[in-house]
Each structure stands twice: as C-alpha cells, then as structure tokens.
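The values are calculated or read from the model by the stated rules, or taken from the named source; none is laboratory data. These numbers come from a predicted model, not from an experiment. Cβ: placed from backbone, ideal geometry, glycine included. Neighbour counts: every protein chain shown. Just the protein is used for accessible areas: all its heavy atoms, side chains included, with ligands, DNA and RNA removed. Shrake-Rupley method; radii C 1.70, N 1.55, O 1.52, S 1.80 Å.
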Amino acid sequence: MMATSDTVRTRAVLPVDAARGVMWAFVLANVVVVEALFLSAGEGKNDVLTVAKWFGLHAALLILFQLLLVARLPWLDRRIGMDRLTVWHRWVGFTLLWTVLTHATLVVLGFATLDDASMGSTFVALSGVTASLLGMLAAAVIVVIGAISARPVRRRLRYEVWHGLHLLLYVALGLAFVHQLQETTTFASSGFATAYWWCLWLFAFGALLAGRVVLPLWRNAYHRFRVVAVVPESLNAVSVYVTGRHLDRFPARAGQFCIWRFPGHHHWWTANPFSLSAAPGGQGLRLTAKAVGGASAGLRTLPPGSRAFVEGPYGAFTSLHRSRPGTLLIAGGVGITPVRAMLEEQATGDVVVLYRVRSEADAVLLNEVRHLVAQRGGRLHLLTGRTGEQGVPPFGPAALQQLVPDITDRDVYVCGPPPMTTAVLSALRDLRVPARQVHAERFGLA
C-alpha cells in the first residue's frame, strides 16, 4: 500500500510558524509569571543577593525549557524538527551556564559582603549548608557539560562518550530541583509560587519521561519491530527492511527519520538516525544507509529476524509544510533516502529532482528514483563529477536558475552533506526564494 499526500497548505500560517508561536507564547507567559514572583517575594538581605535571586529564578526557568526542548514531543518535533530544537537546546544551554555562574558568584559575593568576610571563606561556609551545597553541585555539573559541549572538545569525543557525559545533565536537574525546593524564599514565597513551580517542574519532567522513555517503550512493545531482509544497494550501501505489528498505526510520514538500535547485533548504546527510504504505508519500514561508520557498515551482516528498537518517527522534512503546487527536491549522496520516500508519497504535482553524486555508480536507489519521477511526469537531473571540475558550482545561483527557471514558485526540500546543504541554502537566499518555501533538515542526534 502506497501512502499518498498531496496537501498543499495555502494558509497564511504554516505549521512551523504556529508551533513557534505557541513556544514563544509559552516562554513569554512564564517569564512574566517569574518576574511577578520575583517582585512580589521582596528584596534579599542586600542588593547583591537580590540580584542573585533574580538570576537564580531565571536559571530554574532555563532548566525547565531545556527539558522541554529535548523531550522530543511529537507535536513540536514534526512541526519544527529535531535539528532546530537541538540548536535551540544548545544556545539555551550556554545561556544557562552563564546564568548559573552569575547566580553562584553573586550569592557568594552577597554573603561575603553581608558578613564582611572573604569570598573564599564564605564559599566554604556555604558549602556546609545543604541547600547551597546542592546548588554548587548542580552548577559544577552544568559547567562540566558546558565544557565538553564546546565545539573544539565535542569534535574530539566519540558520540557515545559525549552522550554518556551529557546525561549527567539530568543529575544536575535533580540537584537544582531539590536546591530550589529548599530555598523557601523563592519556591515557597507564597501559595501561588509553590503551586506554580510544582506544576512547571512536574510538566517538564513529565514531558521528558513521556517523550524519551514511555512513548518509545510503548511503541516498541506494541509494534514488535523485526528485521525481515537486508538488501545490498551498492558496494557501500544497504537497505534494511523492518516489519512489525499494526504498522498502519505507526505515525510516520515520508521524509522523517527514526533512531535505530539493533540489540543483539550491536551494543544497546549504539544508535543511529536513518531516514525512511520508502513511504510508510502500513506494510513495513525501510532504511537505507551508507557505510560511513562501524554501526552503519555492520548493517550488511544484520541477520533477518533480528530485533529492532525504533525511536521516532522524528523530523519536519515532510509534505506537511508544503505551500506551493510545484516541488524541487535536492539530494546529495545518501540524502536521497528521504527524497525517494517523498516521491513515493507525492502522487501528483510538478516535481523536479536534483541528485548530486560523484559518479552514477554512487547514486544509491537511482533506478527507483527514476521510476518514481517518470511515474509522476517529473524531471530528474543527475549531477555527477567532483565539485569545481566544471568551473561552475553545481548549486550556485546561476546553475539552479538554469536547471529550474521557476524555482521561486516551488517548495524546495534539501537533504545532503552539510557543505552541500549550506551551499544550496545560500544560493536559494541569493535567488530570493521565500524562506517559508525552503525546507532543510540535518539529521543527527546532536
């Protein structure tokens, strides 16, 4: 059964804009409440401690926003996309780091001023107070996570190592919660303040548990995913076919990706984001991967019958965001997989596909793409050769305008290696393709 979707949204508000509006409204509403709680709680023991309290309240709010950004809530993810949510998580994280450091420094300075003591002796004295000690430990963990998340350090760590250390953030969140719980000047300054903070913490932790633990476990127990076939597509690419129960109720769309684990064949902590390379139609799921790492290369030896643990589906790279009748799909290398799935889903409409590979032999799923494009009366341009060989950038503004003269009247979907994606997005800006018609998503875990 082929899934089809030809919905073109012509409304003024796209799903991504609606989701961003909801998020901003939620953020602003909570900022207003926190400001009101700060003003109503009264001043601290001196001006420095008053400012420290202000930073502490906003640090707590930032922690709660962090939880929501990584909760992988389906409603947000399919409208905004995990890649954008991850970018926001990163920037909120670094803002949290400096907010926590400022709060801690001002607390020590404020009590040192109050007691007419040195900051060193004040720090030692505060470490003997349970509430303060918990806050110090939470701050220390946040500093460590901030340090390993800096790009120069992050690039030198294996993902599994970085991710394992990053999980310490949840320890910091627990410590911060208990720290705030014991600071009665903020958490229990009034009945409303207590109710507000309890509701916000329970909502954030509940969203995290639901999105990251409960929902994946329930879906895997319900669908019971199993590998049924492993088919080589080329010398360095392979497709894995997965089946299960009630797959007609698995809420995936063409263009989305899942996080795949194969317990018993790979280590449990070995997880990879792979796009669906066929439109989900209720009969099964297919991923197609290129051998670029140990886990993806090992898929070739995955025995049929192996159990699969599937998280997702994730991503906003779908037809949900279409706003124009015509579509331009641009893929590079194995980035063709979500594009191929979207071709299968899109039964009608004016479709143009640009497929960039080094040589035709590297074009994974080329015959399937050719068949689907021809079936829909579209056009396929296979762009081969090394970048710079022809003297003209393959995705420069002039090249795109020549290949697709009506590019500004189309929805443009871009999926490929980061340098290619960056080049295409830059060219689309130069061609003044409206931002609402441009859809790109970098698939990854961090």
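Taking every protein chain into account, the accessible area of the chain amounts to 46 square angstrom per residue (probe 1.4 Å). Taking the protein heavy atoms of the chain in the context of the full set of protein chains, the accessible area attributed to carbon and sulfur is 63 percent at 1.4 Å. Where only DSSP H runs of four or more residues are counted, the chain gives -15500 deg cm²/dmol as its mean residue ellipticity at 222 nm, each run worth -39500 (n - 2.57). Could you compute the longest span of the chain free of trypsin sites (Lys or Arg not before Pro) located in DSSP loops and having at most 10 other Cβ atoms within 10 Å, not counting the site residues? Here the longest run is 159-385. Solvent-accessible area of Phe177, all protein chains in place: 40 Å² (probe radius 1.4 Å, heavy atoms, ligands and nucleic acids excluded).
Computed from Cα atoms, the angle from the helix 15-40 axis to the main principal axis of the chain rounds to 0 degrees. Computed on protein heavy atoms with a 1.4 Å probe, the accessible areas place Tyr222, Tyr314 in the order Tyr222, Tyr314, largest first.
With every protein chain in place and a 1.4 angstrom probe, the accessible-area ranking of Met23, Met119, largest first, reads Met119, Met23. Only one of (1) 1.00; (2) 0.96; (3) 1.04 was calculated from the structure for Rg/Rh (Cα atoms, Kirkwood Rh), and its label is (3).
Legend: residues Asp411, Asp248, sorted from most to least accessible area (1.4 Å probe; ligands, DNA and RNA excluded), read Asp248, Asp411. Rounded to the nearest 20 debye, the dipole magnitude of the chain is 1160 debye, with +1 charges on Lys and Arg beta carbons, -1 on Asp and Glu beta carbons, and the Cα centre as origin.
Enter the angle in degrees (range 0 to 90, nearest 10) between the Cα long axis of helix 47-69 and the first principal axis of the Cα atoms of the chain, meaning the one along which they spread out most. Long axis of 47-69 versus the principal axis of the chain: about 30 degrees. Selection among Val13, Val414, Leu403 by position relative to the dipole of the chain gives Leu403 as farthest towards the positive end (Cβ unit charges, Cα centre).
On a 0 to 90° scale, report how tilted helix 418-430 is relative to the longest principal axis of the chain, with both axes built from alpha carbons and the result rounded to the nearest 10. Tilt relative to the chain: about 90 degrees. For the stretch 60-189, the residue among Leu68, Val171, Gln182 whose Cα projects farthest onto the positive side of the dipole built from Cβ charges is Leu68. Take the chain, mark every one of the GluC sites (Glu not before Pro) that falls in a DSSP loop and has at most 15 other Cβ within 10 Å, then report the longest stretch left between them, sites excluded. Free of exposed loop sites, the longest segment is 44-388.
By the scheme Lys and Arg +1, Asp and Glu -1, what is the net charge of all other residues having a beta-carbon under 12 Å from that of His89? Residues near His89 contribute +2 overall.
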